[in-house]
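So the structure is just underneath, and the comments pick up after that.
Every read-out reported here was derived from the displayed coordinates using simple, explicitly stated rules and does not represent laboratory data. Given the structure is predicted, the values throughout are model-derived calculations rather than measurements. Using ideal geometry, Cβ is built from the backbone for each residue, glycine included, and neighbour counts are taken over all protein chains shown.
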Amino acid sequence: MTTPFYADEHVTLLLGDALETLRGMPDTSVNCIVTSPPYYFQRDYGVDGQYGLEPTPQDYLDALLAVTGELHRVLADHGTCWLNCGDAYSQRKAVRVSSHQEGLHGRVRGGRPSWRESRAAGLARMSTENLIDGRAVTEKSLMMLPERLALGMQDQGWIIRSKIIWALTATTPDPAPDRPPGRWEPIYLAVKSRRYHWDPASQASASDVWTLPASRGGGAHTASYPPEIPARAIAAGCREGGTVLDPFSGSGTTGVAALAAGRRYVGIDLNPKYHAEALRRMPQPSLLNLTTP
């Protein structure tokens, strides 16, 4: 396994590429996976090798499916995997930088980068470059990325047990004038076998529609989901004393929820500043009350 960025008896933070790091983890070594990979062409996190800025959406799907293949291997047979993935439209698009200040004002002080500047930096593309299976997705069309990812996971042997609707109670204004504004995202519950750990008394058992706030961001990371998502997933699908994995750990929202629920946490991320932010958000080991599996 990769040398940890940080490790104690409750938390392990691994610095590196999700796929390569997962390849170094033992089979069936985690009990639950809760994650939200970077969305396609939404943000530049400022680190080489980041997911989400692949040349085409097909390359993006291929990269994520390589990761989910390894997730299938490292998850225990009784485990559950919860994956939130957003969609994207085929259109001329410029990516946002992750920093809050730069996201508002652009890289050049006083304004956003021009389309030409973004294009030269590899952070803008035309709809004709949005290739899936070698064909451009029609401009203005949803690319159906979550659905394509879920179908690819089924081919890997995953059982897609549920598609949960995350109904967002507050979102940023949707600028499109000719379609309903987007107010929900999918969360897929995937398992490896017909029998898996499930707590029927958990809040997740009540409904496949979760009405929760939009992503609020965590510190330097501007795209974290609300802590209620991993809290519900862990309560329902991770046995007591188990280990929760997030291969796209970011600012550690999944880890905070795992520790609060009395589980151990393994987080993977390419960016050391996000691991540092995660540690600041997590309770001190002396304040935890974790049991042995």
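One table, with the values for the structure above:
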| read-out | value |
| --- | --- |
| Nearest 10 degrees, 0 to 90: helix 228-237 Cα axis against the chain principal axis | 40 degrees |
| GNM top mover of 180, 146, 113 - the chain, alpha-carbon springs below 10 Å | 180 |
| Within the chain, helix-based [θ] at 222 nm, where runs of 4 or more DSSP H residues each add -39,500 (n - 2.57), nearest 500 | -7500 deg cm²/dmol |
| Label point distance in nm, residue 89-residue 170, each placed 7 Å from Cα along Cα→Cβ | 2.4 nm |
| Pairwise label distance in nanometres, residue 48 with residue 27, each label 7 Å out on the Cα-Cβ vector | 3.5 nm |
| 28 Å Cα cut-off, lysine pairs counted over the chain (separation 8 or more, or different chains) | 5 |
| Principal-axis tilt of helix 272-281 within the chain, Cα atoms, nearest 10 degrees | 50 degrees |
| Computed label-point distance, nm, for sites residue 141 and residue 194 using a 7 Å Cα→Cβ extension | 3.8 nm |
| Orphan Cys of the chain, criterion: no other Cys C-beta under 4.7 Å | 81, 85 |
